[in-house]
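Reviewing the structure listed below.
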Amino acid sequence: MLKIFSILLPIFLGIIGYKISSKKMSKYLEQNSFALKDPIINSLLKKVSFSLNLPKIEVYILEDANINGLASNDGKVFLTKGFLDKYYSGIVSAEELIGVISHELGHLALGHTKKRMVTYSLQNAFQMGLGFLISRIIPFVGIYISSFFTSLLTAKLSRLDEYEADKYATALMIKVGLGIEPLISLFEKLDKFTLGNNENLNWLKSHPSSSERIQEIKKNAESWKLSNNIFE
């Protein structure tokens, strides 16, 4: 009974912790964002919503100077103001921003935002359990070793989600007639924005490198071109 409790407690604490942080994040996003009203981007969004049989897709701009896009747990898509500024500066195109939005729609459609709660809870239990076992062999450092291995696992799962969302975005961009070029050019620009990726640390990153993502996008597009099986 004690063993079962020791397993369930970390999972329970993980769920509670995730819900609290999720609620705080939703409140932060709501208080620090506004609806995107750019006519060109919204015109392209109409094509996307029509392709997905959705009445409307609303995108919000988060007051953040960083360059990022995200999907919230309540099903909203956000672009940072830093991304929008790049668009108004002529550095990023409307089609490239639609690629970002399509990627975030992929996270929502594939259930990644909901899956994170389960993953976070299980990882919390894994970290505590592994730390306890290692501490019995190597006192005092077990928690640090378990934290390291949990970080590896978290990064790996996150990269898989990113590849899946990229795959969804690729298919969607092809379906609405924008093709994969905006996605490819976007990732090439993102490398310049971030001064390139440190490839040696890729295995510990939550996102794959731009070069890896471009390669997968091209591979998927070529596969669909041969099979003619996009969104069928």
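The values are calculated or read from the model by the stated rules, or taken from the named source; none is laboratory data. All values derive from a computational prediction rather than experimental measurement. As a convention, Cβ positions derive from the backbone with ideal geometry for all residues, glycine included, and neighbour counts pool all protein chains shown. Just the protein is used for accessible areas: all its heavy atoms, side chains included, with ligands, DNA and RNA removed. Shrake-Rupley method; radii C 1.70, N 1.55, O 1.52, S 1.80 Å.
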Practice item. Please verify whether region 154-166 includes one or more residues that are closer than 22 Å to Ala109 by Cα, in a helix (DSSP H, G or I), modelled with pLDDT under 95 and β-branched (Val, Ile, Thr). Key: yes
Check your understanding: What tally of residues in region 169-189 results from selecting those that are part of a helix (DSSP H, G or I) and open to solvent by less than 40 Å² (accessible area, probe 1.4 Å)?
Key -> 11
Practice item. State all residues of region 79-93 that are closer than 26 Å to Gly177 by Cβ and within 15 Å of the chain's Cα centre (by Cα); if no residue qualifies, say none. Key: Leu79
Revision key, fill the gap. Selection from region 27-54 of residues in a loop (DSSP other than H, G, I, E, B) and of a type in the set (S, T, N, Q) yields Asn32, Asn53
Practice item. Determine whether Ile137 is more than 21 Å from the chain's Cα centre (by Cα), β-branched (Val, Ile, Thr) and modelled with pLDDT under 95. Key: yes
Check your understanding: Restricting attention to region 37-78, which residues are of a type in the set (Gly, Ala, Ser), under 19 Å from the mean Cα position of the chain (by Cα) and open to solvent by less than 20 Å² (accessible area, probe 1.4 Å)?
Key -> Gly69, Ala71, Ser72
Check your understanding: On the given criteria, is Asp74 at pLDDT below 95, assigned to a loop (DSSP other than H, G, I, E, B) and over 29 Å from Lys175 (Cβ atoms)?
Key -> no
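Conditions tested, residue by residue: (1) modelled with pLDDT under 90; (2) surrounded by 12 or more Cβ atoms within 10 Å (Cβ to Cβ); (3) in contact with a helix residue (DSSP H, G or I) (Cβ under 6 Å, 6 or more places away or on another chain); (4) of a type in the set (A, V, I, L, M, F, W, C).
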{"residue": "Lys19", "(1), (2), (3), (4)": "yes, yes, no, no"}
{"residue": "Lys24", "(1), (2), (3), (4)": "yes, no, no, no"}
{"residue": "Leu29", "(1), (2), (3), (4)": "yes, yes, no, yes"}
{"residue": "Ala35", "(1), (2), (3), (4)": "no, no, no, yes"}
{"residue": "Thr80", "(1), (2), (3), (4)": "no, yes, no, no"}
{"residue": "Phe83", "(1), (2), (3), (4)": "no, yes, no, yes"}
